[in-house]
Amino acid sequence: MARSGKRPAADKATEPAPEPAPAPAPPGIDRRRGLRTALLLVVATVAVVLLAQQTLRLLPGWLNPFAEETKDRSGPVLLQSIRDMSRFEAASGNYQVIVDLEKDAKWLPDSVRGQRTLFVGNGSVDAYVDFSKLGSGAITVNADRTAATVRVPRAQLEPTNLDPKRSYVFQAQRGLLNRVGDFFSSNPNDQQQLYVLAGQKIQTAATESGLRERADQNTKQTLTNMLKALGFKSVTIEQVNAQ
């Protein structure tokens, strides 16, 4: 007798299991990637600007569209005043100073933002005696005109006369950001600050170098020789502080 039975169902095709979704990146990693990209863009921009700057400098003047041409359009010199001088230039000192000026950013390295300049300043300081300060009784002569006494003020120092032809920037180190800023603009106050500092240092050195005392000695010797040449046997020079 034939057996009746159910045919076994065909096996269903097995489907692959779905892959799990990737976990989202932590916020800190995204921020670091953004900062890294921005930093790379800044570095690339700086490099392109510096390369263009160097390339333009190497080009001849007639090929460089940004070449500078100097034209003197100054007007005539205007005489404002004339002043009569009553002073004796008794001594002069020549000085040299090296100004080491450094400017740093608080949170950035010097290679990124910073500037250091070595400036060589050469100048002179004159010491003089102002004869306009002499009073009516500054010169006394005895009855037989053989002795004279002269009261003169002590020497004073002129402001420093810095020589622009012999003063110059010896070395300048600048960070990347400073170079980019100098490419787009110039600040004349940087040079002016160097000249002012050099003048102040030279003036201080002249005060401490005995230049005034040397001028007082020269003034005394000059007046003594002059009066003796006029026939005076005894000459006394009294030097007092200027009023």
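Every number in this text was worked out from the coordinates using simple rules, so none of it is lab data. All values derive from a computational prediction rather than experimental measurement. Backbone-built Cβ (ideal geometry, glycine too); neighbour counts: all protein chains shown.
Backbone amide hydrogens, once placed in the peptide plane, bring residue 91 within less than 5 Å of 127, excluding anything fewer than 5 places away on its chain. Extension gain for residue 47-residue 169 works out to 41.4 nm (0.36 nm per residue, less the C-alpha to C-alpha distance). Extending 7 Å from the Cα toward the beta-carbon at both residue 37 and residue 82 defines two label points whose distance is 7.5 nm.
Here the residues 82, 237, 202, ranked from fewest to most Cβ neighbours within 10 Å of their Cβ, fall in the order 82, 237, 202. Computing FRET efficiency as 1/(1 + (r/R0)^6) for residue 205 and residue 156, where r is the C-beta to C-beta distance and R0 is 25 Å, gives about 0.95.
From least to most packed, judged by other beta carbons within 10 angstrom and beginning with the fewest, 132, 74 follow the order 74, 132. A full extension of the chain between residue 118 and residue 143 corresponds to an added length of 2.7 nm, given 0.36 nm per residue minus the alpha carbon distance. As a rough guide to protection, the peptides 116-125, 37-46 ranked by mean Cβ packing within 10 Å, highest first, stand as 116-125, 37-46. Relative to one another, the C-alpha centroids of the stretch 116-144 and the stretch 194-215 are positioned 15 Å apart.
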